[in-house]
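Have a look at the structure below before the remarks.
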Number of protein chains: 2
Amino acid sequence: MIAAPARVGDAFEAIDTPALLVDLDAFERNVAAAQAHVNACGARLRPHGKAHRCSTIAMLQIAAGATGVCCQKVGEAEVFVAAGIADVLVTNVVVGESKARRLAALGPRARVAVCVDSLLQIEQIASAVRALDTHLDLLIEIDVGNRRCGVDSPGEAVDLARAIAAHAPWLSLRGLQAYHGKAQHLRSTGERAVAIGKAAAQAALIASALRADGHECAEVTGAGTGTYPYELASGVYTEVQPGSYALMDLDYGANQRDPDAPPTTYALSLLATVITVRCGHAVLDCGHKSVAIDSGAPRVELGGWRVRGLSDEHTVIEKSGEAEALAVGQKVRMLPGHCDPTVNLHDWIVATRGERVEALWPVDARGASF
Amino acid sequence: MIAAPARVGDAFEAIDTPALLVDLDAFERNVAAAQAHVNACGARLRPHGKAHRCSTIAMLQIAAGATGVCCQKVGEAEVFVAAGIADVLVTNVVVGESKARRLAALGPRARVAVCVDSLLQIEQIASAVRALDTHLDLLIEIDVGNRRCGVDSPGEAVDLARAIAAHAPWLSLRGLQAYHGKAQHLRSTGERAVAIGKAAAQAALIASALRADGHECAEVTGAGTGTYPYELASGVYTEVQPGSYALMDLDYGANQRDPDAPPTTYALSLLATVITVRCGHAVLDCGHKSVAIDSGAPRVELGGWRVRGLSDEHTVIEKSGEAEALAVGQKVRMLPGHCDPTVNLHDWIVATRGERVEALWPVDARGASF
């Protein structure tokens, strides 16, 4: 593991760069506001660990009232369970005998659930769970508009529920995974509300079909930072899975804010150093090996300067008006476009309060995509 | 460190996914062809470690005749020196007292050089090197068309050379770093040849100015996979720094090939699993947390299918004509758009020969961007 770019107690200026910072005051406000909102709706908050891949953050979210954590990959679940997290949901379909065995091995150690959308998966997971004489909960992933994984008809869901029931008591159906990823960044509150209205109606329809066929469907889970107040308002969802709300990024910051939604602040930033100053442009010591660009370039927090472009290890910035003077060696903050893949580029999160390093958090599930 | 997705001796089908594969036959051909070409020109090949961040690959390149390795970051240099590589060039300007100290600490352990383009850096590095009573070589980075770091006039270069000379014997001027990054992916051979012709002329002009002022300028180094035959042909460059040639990617594959340039084959691929098959689309278990998309989407090696889009952990593929039938659980290869940031997402390279795993190479400088 790469060494941390700072030490606890360091002043801001002593942090080596590029370094990923979390402002603790902002982070704590974000976590508390979302938790209070979900509590007030009588639902459960299961923050998404894909956004931070950091068991320390997951533990802080659970300490604030979250019901557990969710993640996208078996590798992430392994890290979170090893860190002592007792309730982990893999919000993704998982295929392959090796992965089924790895999941089953978590069964005796935590309350673990995983999503399915095909009979093959159910058979692979059942076989692995029976071999270890353990237990896993399954959720049927349904496609509520994402057009990716998941079944989209009540009939398909019933077929899967019957196949799960045939493997009792090793497997149980916990309910439905109904995440609408494409709705998260619809910019207007109206578009997001409409998309989630349709998603909730479809989830309710499929849940009814399962119950009519004699299956329990205790949980309907899904939602992200952009929409979870709408899933909660629908009354259909019992649990929500926002992830980015704790750290935030420019892409979520660009959404029109619903006045009823919990407020969020940018808690995540990348600290960089000016390495070259030329006539009209300057260069920072970070590129897209340190900050993800899948949702656009980061923003430089420097009056009168904007990002011209990034390469692997450099960001070129240029003047855009009345520009602050820049000197070689000066430290600069950048706000990432997308927090999830940005955190995944780093081994350490430097947790700061004011201008001082308060903690170093290992990104212990970084790279755990398999 | 995340566990490896395969074991030595595994058949192809036993590899867990997503996994980064290197086809050893293709890799060895690429390495040998480039080395033979550079040798025939009477120059030195210093492969760029930014492309692979893997000391095992660097050692294999050195065993094939390379003069050492280059890298972009002090963190990478630390990993390569720790792995026993005796000659490391940081092809980037490095700013900050902490980084200068870390560089100086490498001085007694290997032949290490770094680039400068400002007086502040020279003072920082000199101070660190004197404190340890060791030695570093410096190269003046010049801007030969990249419009990023580097000075672009003979006068500025002479000022830097004088500042370096003032710190003899702790610092020595080795020569010029003259890399034209923007020329690498100019698609036609003609455009690349013209761009490098200008770069070489500027490097020659600045080298003459340094010599006229009494400085040695033994080395002119630079070049990448897209252009290095032109730098060699110029007679100005003594050393070339291609990196991607060993692994290759779609972005370099899209360049018009110079018939005189060494041939290259795609050696790098990402192995993925089909997790969902729906009407008209299917989903793979890898997204842009496993394959970089800064230079475009990866290509799926599957007749009649093309990539519709990637999210963090999923790739959606769709039919584009006469499509092969796909089944859940099937393994699929993808060719990355850009090798450097793709390798940086992985802890392990699975080195295969034919359909069997021959070796597991740790990406030991993964994440070493600081």
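The values are calculated or read from the model by the stated rules, or taken from the named source; none is laboratory data. The model shown is predicted, which means the values in this text are computed figures rather than measured ones. Cβ atoms come from the backbone with ideal geometry, glycine included; neighbour counts cover every protein chain shown.
Things worth noting here:
- Residue A:237 vs. criteria part of a helix (DSSP H, G or I) and at pLDDT 95 or above: no
- Residues located in the stretch A:65-78, provided they are farther than 15 Å from residue A:137 by Cα, of a type in the set (Gly, Ala, Ser) and part of a helix (DSSP H, G or I): A:75
- Verdict on residue B:232 being more than 30 Å from residue B:166 (Cβ to Cβ), of a type outside the set (Ser, Thr, Tyr), away from chain A (no Cβ under 14 Å) and in a helix (DSSP H, G or I): yes
- Residue in the stretch B:192-210 that is in contact (Cβ under 8 Å) with a residue 40 or more places away in the chain and touching a Lys or Arg at 6+ places or on another chain (Cβ under 6 Å) present: no
- The residue of the stretch A:147-169 that is farthest from the chain's Cα centre (by Cα), among those that are surrounded by 21 or more Cβ atoms within 10 Å (Cβ to Cβ) and part of a loop (DSSP other than H, G, I, E, B), is A:150.
- Note on the stretch B:265-341: enclosed strands (runs of 3 or more DSSP E) holding 1 or more residues that are more than 10 Å from chain A (Cβ to nearest Cβ) and of a type in the set (Val, Ile, Thr) are B:305-310, B:315-319, B:331-335.
- Residue B:213 over 27 Å from residue B:138 (Cβ atoms) and among the acidic types (Asp, Glu): no
- Members of the stretch A:41-74 that are away from chain B (no Cβ under 14 Å) and within 12 Å of the chain's Cα centre (by Cα): A:46, A:47, A:54, A:57, A:58, A:69
- Summed over the stretch B:96-117, residues that are at the interface with another protein chain (Cβ under 10 Å from one of its Cβ atoms), in a loop (DSSP other than H, G, I, E, B) and surrounded by fewer than 24 Cβ atoms within 10 Å (Cβ to Cβ) total 1.
- Selection from the stretch A:1-40 of residues that are charged (D, E, K, R), within 14 Å of chain B (Cβ to nearest Cβ) and either closer than 19 Å to residue A:363 by Cα or crowded, with 23+ Cβ neighbours inside 10 Å (or both): A:7, A:16
- Restricting the stretch B:79-95 to residues that are assigned to a helix (DSSP H, G or I) and more than 9 Å from chain A (Cβ to nearest Cβ), the residue that is farthest from residue B:362 (Cα to Cα): B:81
- Of the residues in the stretch B:33-47, at least one is within 30 Å of residue A:348 (Cα to Cα) and touching a helix residue (DSSP H, G or I) at 6+ places or on another chain (Cβ under 8 Å).
- Residue within the stretch B:352-363 that is within 13 Å of chain A (Cβ to nearest Cβ), in contact with a strand residue (DSSP E or B) (Cβ under 9 Å, 6 or more places away or on another chain), within 29 Å of residue A:117 (Cα to Cα) and among the hydrophobic types (A, V, I, L, M, F, W, C) present: no
- Scanning the stretch A:259-303 for residues that are in contact with a strand residue (DSSP E or B) (Cβ under 7 Å, 6 or more places away or on another chain), small (Gly, Ala, Ser) and over 27 Å from residue B:142 (Cα atoms) yields a total of 2.
- One residue from A:284, A:250, A:268 being modelled with pLDDT of 95 or more, buried (at least 23 other Cβ atoms within 10 Å of the Cβ) and within 13 Å of residue A:337 (Cα to Cα): A:268
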